[in-house]
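**Student:** Below: one structure in structure tokens.
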Amino acid sequence: MEKTKKALFVHGLGSGADSTTGSYVRAAFKRHGIETVIETYDLFDVAGTLKRLENAISSKEFNYMVGHSFGGFYTQISPNAEYKMLINPCMIPSVEIPKLTEDIPAQTVETLKYWEKQLYEGTLIDNEAKRATCAFFGDNDELFSFKDLFEKHYSHNAKVFKGTHKPEQEEVNKMVDEFLALLCNSSKL
């Protein structure tokens, strides 16, 4: 008997297990018989969040990892996920998150800068990461857009959808459909 495929969703700033985008992602994957797990993470605890994600991916054998906004950054730097889907990823959180909240500790900003350097100047984005990562960017994102930065580092698989920072269910359905279709033709992903 084949195991049920699973996706792990990583929410954005100020969200959690009750994430609206996460619930849309769960419903979209469910249409394909894929279970989605959504938990709450302390995104200001970079080391703790990375450890929890690493443990979750290792122990529960997730096939897919999906990150929205700040969660998109964590999805990028999580090494064990087989396939990654980013929705309006915050690709430079050390700059963008302090614009959104004054509550971010200075040490968190420094740790994020370290991981940004590892991601964009180090070896985290290798050919396998480029092949296995797809990102969706809202054409009317009111917070930020890192489509150009994504394309610079990943070369391809940057898609634009109609919507704002928080996509609607219909758009998330299309994203998941397109993401899974790309996986079926792995030469494109």
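**Student:** Of all residues in segment 98-152, which are crowded, with 19+ Cβ neighbours inside 10 Å, in contact with a strand residue (DSSP E or B) (Cβ under 9 Å, 6 or more places away or on another chain) and of a type in the set (D, E, K, R)?
**Tutor:** LYS147
**Student:** In addition: Name the pairs: first residue in segment 131-148 and free of Cβ contacts under 8 Å to residues at least 12 places away in the same chain, second residue open to solvent by less than 50 Å² (accessible area, probe 1.4 Å), Cβ to Cβ under 7 Å, at least 6 apart or on different chains?
**Tutor:** From segment 131-148, no pairs qualify.
**Student:** Being in a loop (DSSP other than H, G, I, E, B) and over 23 Å from GLY22 (Cβ atoms) is the filter here, so list the residues in segment 85-134 that pass it.
**Tutor:** Keep residues of segment 85-134 that are in a loop (DSSP other than H, G, I, E, B), which gives 88-92, 101-105, 122-126.
If the condition is that a residue be in a loop (DSSP other than H, G, I, E, B) and over 23 Å from GLY22 (Cβ atoms), then GLU102, PRO105, GLY122, THR123, LEU124, ILE125, ASP126 are the ones that fit.
**Student:** In addition: Kindly indicate whether any position in segment 74-84 is outside any loop (DSSP other than H, G, I, E, B), polar (S, T, N, Q) and either surrounded by fewer than 18 Cβ atoms within 10 Å (Cβ to Cβ) or in contact with a Gly (Cβ under 9 Å, 6 or more places away or on another chain) (or both).
**Tutor:** yes
**Student:** When you go through (1) crowded, with 17+ Cβ neighbours inside 10 Å; (2) over 14 Å from the mean Cα position of the chain (by Cα); (3) at positive phi one by one for ASN88, which number turns out not to apply?
**Tutor:** (2)
**Student:** Condition check: at pLDDT 95 or above, open to solvent by 80 Å² or more (accessible area, probe 1.4 Å) and closer than 15 Å to VAL66 by Cα. Does LYS166 satisfy that?
**Tutor:** Yes; evaluated as a whole, the condition is true for this residue.
**Student:** Could you grab the pairs with beta carbons closer than 8 Å, sequence gap of 6+ or different chains, first residue in segment 43-65 and at negative phi, second one in a helix (DSSP H, G or I) and among the aliphatic types (A, V, I, L, M)?
**Tutor:** VAL46/LEU112; LEU50/ILE77; PHE62/ALA56; MET65/LEU53; MET65/ILE57
**Student:** Next question. Please enumerate the residues belonging to segment 22-41 that are within 15 Å of GLY12 (Cβ to Cβ) and surrounded by 14 or more Cβ atoms within 10 Å (Cβ to Cβ).
**Tutor:** Going residue by residue through segment 22-41, those that are within 15 Å of GLY12 (Cβ to Cβ) are 22-25, 38-41.
Correct list: GLY22, SER23, TYR24, VAL25, ILE38, GLU39, TYR41.
**Student:** Also: Would you mind stating whether ASP148 is under 19 Å from SER94 (Cα atoms) and out of contact with any Cys (no Cβ under 9 Å at 6 or more places or on another chain)?
**Tutor:** For ASP148, the condition - under 19 Å from SER94 (Cα atoms) and out of contact with any Cys (no Cβ under 9 Å at 6 or more places or on another chain) - is met.
**Student:** Hey, could you check segment 154-163 for residues that are outside any loop (DSSP other than H, G, I, E, B) and open to solvent by 30 Å² or more (accessible area, probe 1.4 Å) and say which is farthest from LEU100 (Cα to Cα)?
**Tutor:** In this case the residue turns out to be LYS159.
**Student:** Quick check on my filter: what residues within segment 169-189 are at pLDDT 95 or above and of a type in the set (S, T, N, Q)?
**Tutor:** GLN169, ASN173
**Student:** Filter segment 1-51 for residues that are closer than 26 Å to LEU183 by Cα and part of a helix (DSSP H, G or I) and give the result.
**Tutor:** Hits for segment 1-51 are THR20, THR21, GLY22, SER23, TYR24, VAL25, ARG26, ALA27, ALA28, PHE29, LYS30, LEU50.
**Student:** What are the residues in segment 78-118 that are closer than 15 Å to THR49 by Cα and at pLDDT below 95, if any?
**Tutor:** Listed by number, the residues that qualify are SER78, PRO79, ASN80, ALA81.
The values are calculated or read from the model by the stated rules, or taken from the named source; none is laboratory data. Quick caveat, the model's predicted, so the values are computed rather than measured. No Cβ is skipped: glycine too gets one built from the backbone with ideal geometry, and neighbour counts run over all protein chains shown. Quick note on the areas: whole protein, heavy atoms, side chains included, nothing else; ligands and nucleic acids left out. Shrake-Rupley method; radii C 1.70, N 1.55, O 1.52, S 1.80 Å.
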